[in-house]
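To start, the structure under review is shown below, and the notes come after it.
The values are calculated or read from the model by the stated rules, or taken from the named source; none is laboratory data. Remember, predicted model here, so these are calculated numbers, not experimental data. Cβ placement follows ideal geometry from the backbone for every residue including glycine, while neighbour counts extend to all protein chains displayed.
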Number of protein chains: 4
Amino acid sequence: MAKIGIVGGTGYTGVELLRLLAHHDDVEVAAITSRAEAGRRVDELYPNLRGHYDLAFSEPDAALLASCDVVFFATPHNVAMNLVPELLAAGTRVVDLSADYRIRDAALWSRWYGEPHASPELLSEAVYGLPERHRAEIAQARLVACPGCYPTAIQLGFIPLLEAGLVDPSHLIASAASGASGAGRQAKVDNLLSETADSFKAYGASGHRHLPEIEQGLAEVQGGPVAVTFVPHLLPMVRGIHATLFARLNGTTDLAALQNLFEERYRDEPFVDVLPTGMYPQTRAVKGANQCQISLVVPQDRDTVVVMSTIDNLVKGASGQAVQNMNIMLGLPENRGLTQVGLLP
Amino acid sequence: MAKIGIVGGTGYTGVELLRLLAHHDDVEVAAITSRAEAGRRVDELYPNLRGHYDLAFSEPDAALLASCDVVFFATPHNVAMNLVPELLAAGTRVVDLSADYRIRDAALWSRWYGEPHASPELLSEAVYGLPERHRAEIAQARLVACPGCYPTAIQLGFIPLLEAGLVDPSHLIASAASGASGAGRQAKVDNLLSETADSFKAYGASGHRHLPEIEQGLAEVQGGPVAVTFVPHLLPMVRGIHATLFARLNGTTDLAALQNLFEERYRDEPFVDVLPTGMYPQTRAVKGANQCQISLVVPQDRDTVVVMSTIDNLVKGASGQAVQNMNIMLGLPENRGLTQVGLLP
Amino acid sequence: MAKIGIVGGTGYTGVELLRLLAHHDDVEVAAITSRAEAGRRVDELYPNLRGHYDLAFSEPDAALLASCDVVFFATPHNVAMNLVPELLAAGTRVVDLSADYRIRDAALWSRWYGEPHASPELLSEAVYGLPERHRAEIAQARLVACPGCYPTAIQLGFIPLLEAGLVDPSHLIASAASGASGAGRQAKVDNLLSETADSFKAYGASGHRHLPEIEQGLAEVQGGPVAVTFVPHLLPMVRGIHATLFARLNGTTDLAALQNLFEERYRDEPFVDVLPTGMYPQTRAVKGANQCQISLVVPQDRDTVVVMSTIDNLVKGASGQAVQNMNIMLGLPENRGLTQVGLLP
Amino acid sequence: MAKIGIVGGTGYTGVELLRLLAHHDDVEVAAITSRAEAGRRVDELYPNLRGHYDLAFSEPDAALLASCDVVFFATPHNVAMNLVPELLAAGTRVVDLSADYRIRDAALWSRWYGEPHASPELLSEAVYGLPERHRAEIAQARLVACPGCYPTAIQLGFIPLLEAGLVDPSHLIASAASGASGAGRQAKVDNLLSETADSFKAYGASGHRHLPEIEQGLAEVQGGPVAVTFVPHLLPMVRGIHATLFARLNGTTDLAALQNLFEERYRDEPFVDVLPTGMYPQTRAVKGANQCQISLVVPQDRDTVVVMSTIDNLVKGASGQAVQNMNIMLGLPENRGLTQVGLLP
C-alpha cells in the first residue's frame, strides 16, 4: 500500500480525491492537511465520507508529508511551489493539482499569476500530467503538474486535428462552459446560488489564466505557434465542463475521415471516449467519472469543424486525472480506483 | 382599445403574451384559442394569471379572430400559414411568432421544415419583425414574421460588424445557449427535468432550423453571402439565451472603436443595450424583460472579436418582440406594456 | 410624488424595492444608501435596472433621509433600531423590512438576537405590517415593522383556522421551504451554488428567529398561547417560499366548510388568493408578484388539516409587502406598483 | 457468478441497477429487457454506461429470464404481478422494485391502484424488502417487494420511536420532498424542466399511493393502528428524498435519550447512519450512495420530536436497496457493490 498525503484537503478537489481513493486497493490516505480545519474530522465537513474514512484534517506537517510516497496538492496556486522542493528532496513524489508547475516559462507564469515563481528551477522538470500526451514521462516523474479543467477538455478536443495538421492554428476558437464547482469552495458573492442559478454568462474572455496553458500545450502539438480565442462561461450547475471547439479545416471536410482520425488517436486511451457520429456528449454522462467524451460535426459540410468535449471538472479535470497520474507513476493499472460510472440521471 | 386575438395560447409564448398584455393600456385580449383546452379558464392552466384575466380558451373561430385588430400566432410552425390568408383578407393584421413566414424562399423553407409552404404568395409581403432593422416596414405591414429567439440574439450581435464591413463574412461563428423553455411546452422525454437539469450539451450542430433564418438576415446586412457556424446548446434553466459570437476582423482590432460603433448603432434603440466595456451580459439581467444586452471583447488584442448577446427567449426572443411589433404597427409608443424590469435575483 | 429613501440598498430586498418602484406612479426614489458602494451607480451593481434608474448609491446621510416622506430599511437587523428614532423625530415615516421592530417584547427580542434593543421605547408603537391583520393601524403608523418571509406565509395560512377556533393551538406544525435568496447577498460558503444546488436540507429546526414572531402573531389571533413547531428548509432555487402547515381539527373535518371559511376571510384581500379545492399552489406562480396563494386539504377526511401557502420571499415576503404598507400609509390604492404578473414559466 | 435479469430496463431504476452492478464482483447481468428498445445497446440510451457494458436491450423472453438466478422488475406497477408466478415456478428468485407486492391486502391494493391484483396468492409470501426490519425473511425469500422511496425514508425515521412506544401513533406527520427522478422517465408535461425547475409545490396530499404502504409498515411496528398525514413535494432537482417527520411525544422530551435510542437501533445497520446531534442531513451527502442519514431535534424542548431522514430515491429508495436485498438473498456480504461514496459537491 502506497502512503498518500493530501495538502489542502478542504476544497472540492480535496474531497474529490478522498471520494476516489476511498476504495482504491493499492493506496492509503495517511494525511490530509488544512490549517483552518486542523483537528476536525473529514466526515464532519464532508458527510458523504461518513463510514468511508476515520481521518481528521491535520496541520501541514513537513515530516509527515515527507513520509508519504505521493503527495497531492489540492491547493490554490502559490502553495505547492513553496513546499514541493523540500518534498522532492525527501524523496516524496508530487502530483500538483494547482497551476504552479503547468507553465514552463517562469516569466509567463508571473505575468498571469501576478507574482514571481518560488521554485522556477523545477519548471523544466515538472511533467505536464495529460497522460494522453505524456504517459511515459509521467511514469518516471518526480513532479507532475495536473492540467487545468478547461485545458484538459480543450486540448483533448484539438490534439488530433493539430497532430494531423488539418486546421488553421492561427484561428482556433474554444467556447467552453463550466459548473460552479470550478470556482472552488470560496466565500464569494459571485458564486452564491442566488447570483448564479438560473442564469448564464461568459467571464474572463479578455484573458483567463487557462489560456497560456492551453496555448503552450497546443503549440507543442502543432510544433509552432497557435492562437486560441478562449471564452469560458459559468453554468448554473455544480459539475461539468463542455467545450465547443471550432477550427477552420485546411483541406478535407469529410466528417467520416475526421471521425476515424479521432477514433484511432484515442483507441487505446481508457479515459477518452470518441462517441459515434451523431451522438452528442452531455456533461451528465461523465458526472463523477474519469472520462472525456468527444464528438465531431462538420456543419453543412463547410470548412469549419466543430468538436464537442465533455468532462467532469472535478474528475478528469482535476482529482480523477491526478489519481490517473498517480497510478501511472506507481506502475499500477491506470484505471485502478477510477471505474466509477457516471451518475445519470 | 385595439382588440387582440391569440391563436395557440397554451404554449409558453401564449402565456407570455398574456403576461405582457395584462396591463397594456391600449389593447384588450378578446380571444385566446386552443383546441385542446377550449372552455378552460386561462388562469386554471396558468395560475400566475389569476386576478389578471377573466378569460377562457376558445375554439379557433375564424369570425371571432377576424373581428380582432391584431392576431398573434403563438403556434408551432405549419398553423399560421394556413390561417393567415383568410385573416388578412378580412382586414386583420397578423403578428406571427412561428417560423412560417420568416424565410423568403419557399423552397428553402420547405427544405428545412419538410413540407410545402401553404401560402408562399405571402412570403414576399411578410415583414421580418426585427425592429432594429425593419421598423418602417413593420409600421405598414399587414403581416409580420417575428424572428426566432436565437436569430434575434445572434443578428443583433453581428449587425453592426457586418454593416461596417469589419469582419470576414465567410467565417462567422455563433455558439449559443438557451434555457429549456425554448423547446416549448411539449411532453418529450428529452425535456424532462431529470434529463436536462444538472447537465449541458450541444444539439442541432449539424443543422438547426434557425440557421437559414440567421444567414438570410445577415446576408441582407452584408449585401452578399455569409456563412455562419451555429451551435446551439441546452442550458439547465428555464429562460434566457446567451449568444457568444466570434468573427475575424479585417482590419482594426481597436476595442474602443468597436465599442463606439455598437453604441452608436443602438443609441436610439429602446430594447438593445450596449454594456460598458468590461461588463459582461448575464441572462438573469433580462429575465422577464424585453431587452437585449450586448458586450464586446477583443481578446489579447488579436484579430478576433467576441460579441456576447443576451435576451430572454420568451420576451425579446418571442412574445415581447411580438408586442413591440404590434405597438409599432398600431402607432403606439414602442415600449407600451414593455417596461418590465428584469427579475434579478 | 412622495419622496422615498432606501437604507441598505445593495441587498436583495433593496434591489427588489427598486424593481417594484421603478414604474410606481406616485413615488420617486430620492436616495438609496450603501456605505460599501457609495458613489457606484445602482445599475452597475444590478444591470436589470439599466434604463430604469439614473441613480447612484450614497452614504447614509441623515438629513437626506429625513427629507424623505418614507424611508425603507432594507438592512440586516441592528441597523434600523439605531436610526429610526431620529427619522421619526424629523417627521419621516419608516417601513422597516428588518427584524428590529417585529417583536413587541424587548427581552424576547434580545434573547433571539443576542443583544439589547437600541430603541425599545418604539416597540409598542411599531405596527406589525401584515395588512391582512392590521390595515387600519398601518394607515396611521409612523413606523411599520414588515413581517419576515416565513412569518408572512405561515400566519396567512393559520389565521382563518385560529380566528374560527377550529384547531388545537398547542400543536401547530409548519414545515416550510425557502429559496436561497432568503439568506441574502452575503459571502458565505454555505450559500454557494456548489453547496446548495441539487440538494435539500432542513436548518434551524431547533430554533429559528422567525419562530417568536410567528408565535407572537398567532397568539394574538388565538387570544391565548400557541405552540408552533417550525422547520425551515433550503430549496435549490432563488425565490419562493412554500409553507406546508398541519393542525389538528377540534371538530369538523369538512373540507368544503374550511374552504368556504378561507375564501370568506380573504375575499377582499387583493394579495391573498385562496385557490379552488384541488389546485395546489406552486411557488413559480407568484414569482416576482405580490401574492400569497393558499390551498387546503383534509387528507383521508381525518382530523388533520393541511394548508399550503406560497409567496415570493422577496415580494409578499419582503419588498412587495413593504410597498403595500407604504401605499396604505400614503393613502394610495393598495395595489399601486404591485400589479406584476408572476413569471411563469 | 449469479446470473441477473432486469425487466424494464429503460427507466431510471433500470439504468441505476446497471450502474450499481457494473462492478459487482459476484453477479453478471445476463439480460435486460425492453419491448420499446429491444435491439438497442444500453450505452446508446445511457451514455454513462459506455465502456462498462457490452449489452443490448432484449425482448422480454420468459425462458431467458427463467434461466437467471435473480430477476429484478424495474417496471411500473402492473407488470411484475403478471410475470412473477411463472418465474417463481421456474425456480428464479425475484426482487420487485414496483408496487405490485408491497401491500398485503389485495383489496386495499386494488383500491389504490385501480385494478384487481393479478396474483394475490403471492401477497402473503412476498417479503417486504426493508432489511432493517425483515433481514432474516429476505434471506429466505423467493419474492421480495422493495419498498417505495418515500416509505423507505419515512419508515426508517419513525421505526425507533414506534418500537419504543414513545409517540402518539394517531397523529404522525410526514412532510417529504423528492427530486424529479422519482416521477420516472415518462413524457409528461408536468415533469418538464420548464414546469418544475425553479419552483416547489406539494402534490398528492389528499392521497398518495405510498400512504397505505407507509401505514401498513408502521402499524406492524406499532402493533396497532397508526395514522400518518403524508404530504409529498416536488423538488427542482434530480435525485434525493428528504423526509421531515413530526410526532407528539408521550413522555420524555429528552433529546439525548432519543438520540441514543436511534443510535442503538441502527448501530449494526450498514446503510442507516444516525448523524450526531446538531448535524442535519442533506440529500447531496447520499447522492448516488445506498445510505439513509437521519437526524433528530426536539425544538424548544417541547413535546414534539422532529426526525429528518434523507436518501437517494434511486439508490436506498430503489435500486440500491434492491441490490442490498439481492445480496442478502444470495448470502453475499450485504454491502457488495454498494460502497459508492455520495457525490458531494
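Every test in (1) among the β-branched types (Val, Ile, Thr); (2) surrounded by 24 or more Cβ atoms within 10 Å (Cβ to Cβ); (3) facing another protein chain (nearest Cβ under 7 Å) is passed by residue A:144 save one, and that test is (3). The residue that is farthest from residue C:180 (Cα to Cα), among those in the range C:3-18 that are within 12 Å of another protein chain (Cβ to nearest Cβ) and either surrounded by fewer than 19 Cβ atoms within 10 Å (Cβ to Cβ) or touching a residue at least 40 places away in the same chain (Cβ under 8 Å) (or both), is C:17.
Flag set for residue A:50, criterion: touching an Asp or Glu at 6+ places or on another chain (Cβ under 6 Å), within 12 Å of chain D (Cβ to nearest Cβ) and either within 23 Å of residue A:239 (Cβ to Cβ) or modelled with pLDDT of 95 or more (or both). Condition first: aliphatic (A, V, I, L, M), assigned to a loop (DSSP other than H, G, I, E, B) and within 19 Å of residue D:319 (Cβ to Cβ). Now tell me which residues in the range D:92-141 satisfy that. Selection gives D:97, D:99, D:126, D:130, D:141. On the stretch given as the range C:182-196, residues that are in contact with a helix residue (DSSP H, G or I) (Cβ under 7 Å, 6 or more places away or on another chain) and more than 22 Å from residue D:175 (Cβ to Cβ) total 9. Residue pairs whose Cβ atoms lie under 7 Å apart, separated by 6 or more positions or on different chains, with the first residue in the range A:306-332 and closer than 12 Å to residue A:145 by Cα and the second of a type in the set (Phe, Trp, Tyr), are A:322/A:72. One residue alone among A:88, A:97, A:143, A:55 is outside the structural domain of residue A:21 (by TED's automatic domain parsing) and either closer than 23 Å to residue A:2 by Cβ or in contact with a His (Cβ under 6 Å, 6 or more places away or on another chain) (or both), and that residue is A:143.
Residues that are free of Cβ contacts under 8 Å to residues at least 24 places away in the same chain and either more than 13 Å from chain A (Cβ to nearest Cβ) or crowded, with 19+ Cβ neighbours inside 10 Å (or both) within the range D:22-42 comprise D:38, D:39, listed in sequence order.
The lone criterion from (1) within 24 Å of the chain's Cα centre (by Cα); (2) in a loop (DSSP other than H, G, I, E, B); (3) within 13 Å of chain C (Cβ to nearest Cβ) left unmet by residue D:293 is number (2). For the range B:51-85, the tally of residues that are crowded, with 22+ Cβ neighbours inside 10 Å and closer than 30 Å to residue C:292 by Cβ stands at 2. Checked against (1) assigned to a loop (DSSP other than H, G, I, E, B); (2) out of contact with any helix residue (DSSP H, G or I) (no Cβ under 6 Å at 6 or more places or on another chain), residue D:53 passes all but condition (2). When each of B:287, B:316 is tested for being within 26 Å of residue B:336 (Cα to Cα), among the charged types (D, E, K, R) and away from chain C (no Cβ under 11 Å), the lone residue that passes is B:316. Taking the criterion of being of a type in the set (D, E, K, R) and more than 9 Å from chain D (Cβ to nearest Cβ), the residues of the range C:182-206 that qualify are C:185, C:188, C:190. Residue count for the range D:215-261, restricted to those that are within 26 Å of residue D:283 (Cβ to Cβ) and either more than 12 Å from chain C (Cβ to nearest Cβ) or in a strand (DSSP E or B) (or both): 22. Tallying residues that are of a type in the set (A, V, I, L, M) and closer than 17 Å to residue C:290 by Cβ within the range B:331-343 yields 2. Taking the listed residues A:170, A:199, the one that is buried (at least 23 other Cβ atoms within 10 Å of the Cβ) and not in a helix (DSSP H, G or I) is A:199, with no other qualifying.
All told, residue D:134 falls short of being facing another protein chain (nearest Cβ under 7 Å) and modelled with pLDDT of 95 or more.
Residue-wise test of (1) buried (at least 24 other Cβ atoms within 10 Å of the Cβ); (2) within 14 Å of chain A (Cβ to nearest Cβ); (3) over 11 Å from the mean Cα position of the chain (by Cα); (4) assigned to a helix (DSSP H, G or I).
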{"site": "D:279", "(1), (2), (3), (4)": "no, yes, yes, no"}
{"site": "D:300", "(1), (2), (3), (4)": "no, no, yes, yes"}
{"site": "D:321", "(1), (2), (3), (4)": "yes, no, no, yes"}
{"site": "D:336", "(1), (2), (3), (4)": "no, yes, yes, no"}
{"site": "D:339", "(1), (2), (3), (4)": "no, yes, yes, no"}
{"site": "D:343", "(1), (2), (3), (4)": "yes, yes, yes, no"}
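Surrounded by fewer than 24 Cβ atoms within 10 Å (Cβ to Cβ), within 26 Å of residue B:233 (Cα to Cα) and under 14 Å from the mean Cα position of the chain (by Cα): does that describe residue A:209? So residue A:209 fits the description; yes. Among the residues making up the range A:214-252, those that are of a type in the set (Ser, Thr, Tyr) and crowded, with 17+ Cβ neighbours inside 10 Å are A:229, A:244. Scanning the range B:107-140 for residues being in contact with a Ser or Thr (Cβ under 8 Å, 6 or more places away or on another chain), over 30 Å from residue B:266 (Cβ atoms) and crowded, with 20+ Cβ neighbours inside 10 Å gives a total of 1. The condition of being within 15 Å of the chain's Cα centre (by Cα) and free of Cβ contacts under 8 Å to residues at least 60 places away in the same chain holds for only one of C:145, C:176, C:153, that being C:145. Return yes when residue A:252 is among the β-branched types (Val, Ile, Thr), modelled with pLDDT under 95 and farther than 29 Å from residue A:201 by Cβ and no when it is not. Spelling it out, residue A:252 is indeed among the β-branched types (Val, Ile, Thr), modelled with pLDDT under 95 and farther than 29 Å from residue A:201 by Cβ.
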